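The values are calculated or read from the model by the stated rules, or taken from the named source; none is laboratory data. Owing to the predicted nature of the structure, the values given are computational and were not obtained by experimental measurement. Because the Cβ atoms are built from the backbone with ideal geometry, glycine has one as well, and the counts that use them run over all protein chains shown. Each accessible area value is taken on the protein alone, full model and side chains, heavy atoms only, with ligands, DNA and RNA left out. Shrake-Rupley method; radii C 1.70, N 1.55, O 1.52, S 1.80 Å.
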Amino acid sequence: MFRSKSKVSDVGSVEDQMRATIYGNCIGDAIGLLSEFMSKKQANETYAKKRGKMEYKHMQDDMHRNRWKNGDWTDDSDQMILIMDSIVDCKGAVDPVDYAKKVLFWVDNGFPELGDSGGMGLGRTTHRVVRQERFTTDPHAASEGIWERSN
């Protein structure tokens with residue numbers, strides 16, 4: 001496990017460090033969306049003139065990226081937030097059923113407080129898993145069943 005030599009007092013409270021980690025993840029995710037699913041060649045061709053000066057506004061307008069608002073993060077950050085919400089709500093415990101219920105709500109509604117109408121960016125396999133009847137009672141079994149049937 002990586003241990004920083006800096007003291008908490010040098011870099012802020014644990015809560016501040018956690019917030020910074022979340023913000024950094026979401027910002028990095030939003031920047032990563034600019035080239036998500038592009039080959040290195042496609043990314044270079046698309047963004048070569050912006051090298052070192054890329055901003056959210058430079059996002060390629062295509063079928064994948066135009067589903068998100070400029071500067072928005074993807075389902076990767078949404079699901080990280082859901083994991084953290086579940087851990088907080090369960091007082092530090094990891095509860096797969098609680099998380100599954102949060103994921104299913106997110107799939108259907110997104111984060112309404114952010115103006116979402118549904119979870120965006122969900123992959124085909126994950127969609128099949130969350131639509132299993134037993135997903136909110138036994139998410140591991142629901143996931144394993146889809147995984148095995150998909151080879």
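Go through the stretch 54-63 residue by residue and tally those that are of a type outside the set (S, T, N, Q) and surrounded by 13 or more Cβ atoms within 10 Å (Cβ to Cβ). Walk me through how you get there before you give the answer.
Within the stretch 54-63, the subset of a type outside the set (S, T, N, Q) is 54-59, 61-63.
Then keep just the ones that are surrounded by 13 or more Cβ atoms within 10 Å (Cβ to Cβ); that gives 54, 56, 58-59.
The qualifying residues number 4.
I need the full set of residues from the stretch 96-140 which are part of a helix (DSSP H, G or I), hydroxyl-bearing (Ser, Thr, Tyr) and free of Cβ contacts under 8 Å to residues at least 40 places away in the same chain, in order please.
Thr125, Thr126
If only one of Ile83, Ile22 is of a type in the set (Val, Ile, Thr), part of a helix (DSSP H, G or I), at pLDDT 90 or above and touching a Ser or Thr at 6+ places or on another chain (Cβ under 9 Å), which one is it? Let's see the steps before the verdict.
On the way: Ile83 fails: touching a Ser or Thr at 6+ places or on another chain (Cβ under 9 Å).
Being of a type in the set (Val, Ile, Thr), part of a helix (DSSP H, G or I), at pLDDT 90 or above and touching a Ser or Thr at 6+ places or on another chain (Cβ under 9 Å) holds for just one of Ile83, Ile22, which is Ile22.
Looking at this structure, is Ala93 surrounded by fewer than 14 Cβ atoms within 10 Å (Cβ to Cβ) and within 24 Å of Thr137 (Cα to Cα)? Spell out how you get there, then give the answer.
Numbers: surrounded by fewer than 14 Cβ atoms within 10 Å (Cβ to Cβ): yes; within 24 Å of Thr137 (Cα to Cα): yes.
It is true that Ala93 is surrounded by fewer than 14 Cβ atoms within 10 Å (Cβ to Cβ) and within 24 Å of Thr137 (Cα to Cα).
Quick test of your reading of the structure: Gly32 fulfils all but one of (1) more than 20 Å from Leu114 (Cβ to Cβ); (2) of a type in the set (Gly, Ala, Ser); (3) open to solvent by less than 50 Å² (accessible area, probe 1.4 Å). Name the failing condition by number.
Failing condition for Gly32: (1).
Taking the conditions exactly as written (out of contact with any helix residue (DSSP H, G or I) (no Cβ under 9 Å at 6 or more places or on another chain) and either in a helix (DSSP H, G or I) or open to solvent by 40 Å² or more (accessible area, probe 1.4 Å) (or both)), does Val88 satisfy them or not?
Values: out of contact with any helix residue (DSSP H, G or I) (no Cβ under 9 Å at 6 or more places or on another chain): yes; either in a helix (DSSP H, G or I) or open to solvent by 40 Å² or more (accessible area, probe 1.4 Å) (or both): yes.
Here the answer is yes, as Val88 does meet what is asked.
Counting just the residues of the stretch 110-131 that are surrounded by fewer than 17 Cβ atoms within 10 Å (Cβ to Cβ) and among the basic types (Lys, Arg), which one comes out farthest from Ala142 (Cα to Cα)? Steps first, answer last, please.
Step one: of the stretch 110-131, the residues surrounded by fewer than 17 Cβ atoms within 10 Å (Cβ to Cβ) are 111-118, 120, 123-125, 127, 131.
From what's left, among the basic types (Lys, Arg): 124, 131.
Values: Arg124: 14, Arg131: 9 Å.
Here the residue is Arg124.
Report whether or not Val107 is within 20 Å of Arg131 (Cβ to Cβ), open to solvent by less than 60 Å² (accessible area, probe 1.4 Å) and under 16 Å from the mean Cα position of the chain (by Cα).
So Val107 fits the description; yes.
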